[in-house]
Amino acid sequence: MSVLAYLVAVWLFVIGIYGVITSRHLVHLVTCLSVAQSSTYVLLLGIGYRDGGQAPFYSDIETGTPVVDPVVQSLALTDIVVGATVTALLLALAVGAHRRFGSVDPDELTSMHG
Amino acid sequence: MTPRTRAIAGSIALAVLGGVMVVAVFGLEPFGHYPGPYGDLVARIVPDQRQATALVSAITFDVRGFDTLGEEFILFAAVCGAAALLRARRRERGDDAPRPSRPEPSFAARTVGGALVAPVLVLFAYVTLHGHISPGGGFQGGVVGAGALLLAYAAGQTVRLKRGGTMAALEVTEAVGGAAFLALAIGTLVAAGAMLQNDLPLGTAGMLLSAGTIPIGNIAVGVEVAGGVALVLAEFLEHALLEDPE
Amino acid sequence: MTALQVVCLLAVAVLGTAVVLTRDPLRQAAVTGIFGLGLAALFVALQAPDVALSMMVVGGIVVPVLVLLAMAKIREND
Amino acid sequence: MTLASLAIVLPLCAAVLLGGSTSLRRRRAADAVAFTTALATCGLCLALVTQTGERPVVAWLGGWQPKDGIALGIDLYADPLAAGLAAFAAALAAVAIIVAWHQIDTAGHLFHALVMTFLSGMVGFCLAGDLFTAFVFFELMGVSAYALSGFRVEARASVEGALLFAVTNTVGAMLFLIGISLLYGRTGALNMAQLGDALAHRGPDALVAVAFALIVCGLFVKAAIVPFHLWMAEAYAAAPTAISLLFAGAMSELGLYGVARIYWTVFDGALGPQADAIRAVLLTLGLTTALIGGVMCLAQVHLKRMLAFATVGHMGVLLCGIALLDEAGAAGVAVFVVGDGLVKAALFVVVGMIEHRHGALEELPLFGRGRRHPWLGVLAAMAGLALAALPPFGPFLGRALIEDAATHRGLWFVSPLLVVASGLIGGAVLRMVRTVFLGRGMQPREGPETAEEPEKEAEGANRLPKIPAAAAVLLLAGGLAWGLVPGLSDAAASAAARLIDRPAVVDAVLGGGAAAAPPGHAEPLTTAAWLWGLASAALAIGLACTRGGAPAPLRALHSGRVGDSVAWIAIGAALVASAFALTLG
């Protein structure tokens, strides 16, 4: 049980990338990538968790109470923003690719090679 | 590779890669036993030194504020890129395509939208301004703020800007947020000697005006995120929502 | 590890798989929204309310809306 | 110490100015702001280099000094190598703006803003002393690059290349971040020096080996190491020429710089005892990359794709130098990056001028067109010879240092294989010169029709834009002269010695001060190295008369499909990670 969180993180990465590899639709592909990205949030927060630790906000608890690691939370926040912006950019590219090629199948975007 | 061989080869590779990762995570401390020392040191030192009760905000905007500066510009770059890509379409569409005329927002839509703008803006301000005290902050608030901006335009309550003007206004909002964060970085460098050094009066923990530069960073990010997210959404929505200049 | 955490972790794993296996992007937008909310719930259970709030607005609202808008654009160009 | 942070923030200031201000939307104003900023950034980085003469510059951002050997805040760490590479990237960014001068006519201010964020990402990645900060600026570089490569939106290929680029590199960034997370879980640290210290005390196990593998694979995607390189040719072909120049001259090199920096600062303490296993894996990848890059380079008829594979091949050469895991190899890499980068940048400028003048980038439609610009042909031919490591120019010196270091270790097979690789690359460039500028070889099938000049060219086709032409000459002259700089090898050896001296880095970052660096010393080049240089130049001249072609499996490998590319990343990562987990764990 003690590694369940990490296993879930690995699973999300693996299944997300599997979705990217087998995807037949650009928008689907981008969403799968965001699933793989979410593995990093789970991994980070899992690493920083502490049994019985409180959320790191001293407005509600006494200073000095054991808290979970606030650093990973800050990293995860950054990571979420990065992930969301990359998703937005990728979706814009997907729309552009469809406009150019008239197809949403990633395998059909290879006009240059015939 | 044919899709089939690719799926098979990819699955095998991912199984191996996942297996190796699983072996690696067994080397981590068991779940629930974060070993430190970074987080514990921060938890011990920062609340007293910075009068911030929300440790995550204190890290995001102070201890590791430089990361956030980089992150804000990732957002900035992605928004610039998405905007440029989505705009290309309008340029090349030219005059041949008939433009669907924009329906006037109905009275109900305007009333409801308009009535919602104020409370959403208040929520934006609340979430952003309390970032150093409680959960929330510039980023979460900024997304709410983007909602307010879009509601305002949807309701047609604001000045009827042409779409070019609207986009420019959102672009400027985003840039102003980014510039504010940069000004904070350079200002602290000049005033305190190190970039993003928090040398402002710190106040008392838990008060709205406390924690020095942390709320300023929150506000800057809130404005930038609001402008950026609204810009991307508006570029996607394009003529569903906004008038074309032609 | 609390029961809530176990439930949330398993739910996230299942929902993530569901997102990938939902091949129709429109349906996927809905599933990914639920996945985002599941992640947010997990983060609350992991004592990370700040991250949970972000995940809620990003994963629950912004990303699904972007996916829907992208699909609308694609339909419109067809 | 303020220089380091200013060098990162200055381009960002320009970016918000360009993105937000309506008065800078006029094209020339944007050009001027971006160009000046890039030059100023380059100046700041050069000033930083002079400050690192005796000891590295360590800047604690936010004023958070480390406490009891534990880093609290983020530090910027500048040694001569880091600051020098940042300066080089900034200089190339200035060149890119010059090249774009005549080309990008649309959405001007956003283009310039993105070049500025790209520059900031590169400088930040060079100077980051914190692993997560390195990741953030790596992503800033990446996101700006995806957006920039999608910029030439009117070209059909553009979006496809940009999408492939963005998806593959996002996967790479995830691998990088998972590796960082594993290390954080082990040590509770993000500062590179502190990480290295913590790992050294505990010795290696599967976690450390896998974290190393994931970080390295993530960086290999950016550095286009086989089989992580499949996005490269598409992205180059898609991106505006000015941007391809930055990708080829700086971005890929930064990926490998990251490998070297992170290995030496973070992992050497823990994995150093098993250096032989790491050397074997990295050397295999490096040689494979060099050869596949070379073969594919000669097979291309599209000029930018050809240069993309030239870059892949040279990334392989660089990886071989890093794989030696010693001072001499790293010194050779440092010399090679600059020499090769300058020469390749000159070639990109030439290609950009051809593209601007003739509107084509394939060898066939350009057949014989270059006869009107013989000077460009001479430039390109000299660049081709320099890329083939003709002594005594810049790329030769770098490659020779790497070869000597390899031979010194008893790895006799490295030299001949690298000779073949650069021979192929130089041969491809020379063949292009032959078809485009001399009108020989590769006859177009319907001669008269394709030889017809379009209307556009009739007026002033002989006139080439002056500023890019001057830039090309200067870049090439710099790349050639680089090999002749007196004392360069010794300086590179000193810089490399400081890169690999982990205890001194830890002392400088966490201990507050370091002993003054000992001067480095490079062995003089062996005769064999000179002969190998001549051999590869001769090989290049010989290959210039062939048509070149790649075996079908290699062509099939480079399908340019997103799914294939990501599958190969997974395969590569699985191989590297299991190799490291088995041998190091």
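The values are calculated or read from the model by the stated rules, or taken from the named source; none is laboratory data. Keep in mind that this is a model prediction, so the values were computed, not measured. Positions of Cβ are backbone-derived with ideal geometry, glycine not excepted, and every protein chain shown enters the neighbour counts. Each accessible area value is taken on the protein alone, full model and side chains, heavy atoms only, with ligands, DNA and RNA left out. Shrake-Rupley method; radii C 1.70, N 1.55, O 1.52, S 1.80 Å.
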Averaged over peptide D:64-75, how many Cβ atoms belonging to another chain are found within 10 Å of each residue's Cβ? 5
Just to confirm a number: summing +1 for Lys and Arg and -1 for Asp and Glu over residues other than D:THR407 whose beta-carbon lies under 13 angstrom from that of D:THR407, what do you get? -2
Give the accessible surface of chain C per residue, rounded to a whole number of Å², with probe radius 1.4 Å and ligands, DNA and RNA excluded. 38
For segment C:1-50, the accessible surface attributable to carbon and sulfur atoms (probe 1.4 angstrom, ligands and nucleic acids excluded) amounts in percent to 77
Tell me the total accessible area that B and D bury against each other, 1.4 angstrom probe, in square angstrom rounded to 100. 5300
Using a Förster distance of 25 Å, the FRET efficiency for D:ALA47-B:VAL190 (Cβ separation, nearest 0.05): 0.90
Between D:GLN274 and D:HIS408, Cβ-based FRET efficiency (R0 25 Å, step 0.05) works out to 0.75
Using a 1.4 angstrom probe and counting only protein chains, how large is the accessible area of D:LEU488 in Å², to 10? 20
222 nm [θ] for chain D, helices only, -39500 (n - 2.57) per DSSP H run of 4+, per residue, to 500? -23000 deg cm²/dmol
Assuming 1.002 mPa s and 20 °C, estimate D for segment A:13-74 with Stokes-Einstein, Rh taken as the Kirkwood radius over Cα pairs, in µm²/s. 157
Rounded to the nearest Å, the spacing of the alpha-carbon centers of segment D:401-440 and segment D:526-585 is 13
At 37 °C and a viscosity of 0.692 mPa s, what translational diffusion coefficient does Stokes-Einstein give for chain D, taking Rh as the Kirkwood radius over Cα pairs? Give it in µm²/s as a whole number. 139
Report ³J(HN,Hα) in whole Hz for each residue of segment B:182-193, in order, from the Karplus equation J = 6.51 cos²θ - 1.76 cosθ + 1.60 where θ = phi - 60°; Gly and Pro get x. 4, 4, 4, 4, 6, x, 5, 4, 6, 7, 10, x
Summed buried accessible surface, chains B and A, 1.4 Å probe, nearest 100 Å²: 4300
Area buried, chain D against chain A - accessible surface, total, 1.4 angstrom probe, square angstrom: 3400
With the full set of protein chains in place, find how many percent of the accessible area of segment D:167-290 is carbon and sulfur; take the probe as 1.4 Å. 58
Spelling out what I want: for every residue of segment D:346-357, take phi, set θ = phi - 60°, compute 6.51 cos²θ - 1.76 cosθ + 1.60 (Karplus), and round to whole Hz; glycine and proline get x. 4, 4, 5, 4, 4, 4, x, 5, 4, 4, 5, 7
Can you work out the accessible area per residue across segment D:47-101, with the rest of the protein chains kept in place, probe 1.4 Å, in square angstrom? 27
If amide H atoms are built 1.01 Å from N in the plane of the peptide, which residues on other chains or at least 5 residues away come under 5 Å of the amide H of D:ASP130? D:ASP75, D:MET192
Local electrostatic count, D:LEU430, Cβ distance below 14 Å [Lys/Arg +1, Asp/Glu -1]: +3
Segment D:549-585 residues near the modelled A:ASP105 label - backbone nitrogen below 14 Å, point 7 Å along Cα→Cβ: D:562-563
Nearest-0.05 FRET efficiency for D:THR526 and D:THR288 at R0 = 35 Å, using Cβ-Cβ distance, is 0.85
Using the Kirkwood radius over Cα pairs, work out the Stokes-Einstein diffusion coefficient for the protein assembly as shown at 20 °C and 1.002 mPa s, in µm²/s as a whole number. 75
Can you work out the Karplus-derived ³J(HN,Hα) for every residue in segment C:24-29? Use 6.51 cos²θ - 1.76 cosθ + 1.60 with θ = phi - 60°, whole Hz, and x for glycine or proline. 8, x, 5, 5, 4, 4
Count the net charge of all other residues whose Cβ sits under 15 Å from the Cβ of D:ASP564, scoring Lys and Arg as +1 and Asp and Glu as -1. 0
Built amide H within the under 5 Å cut-off of A:VAL67, gap 5+: A:GLN54
Between D:ALA470 and D:ARG26, with labels modelled 7 Å along Cα→Cβ, what's the label distance in nm to one decimal, could you check? 2.2
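What size of dipole, in debye to the nearest 20, comes out for the protein assembly as shown about its Cα centre when the only charges are +1 on Lys and Arg C-beta atoms and -1 on Asp and Glu C-beta atoms?
Details: 58 positive and 68 negative charges, 425 e Å.
That gives a dipole near 2040 debye.
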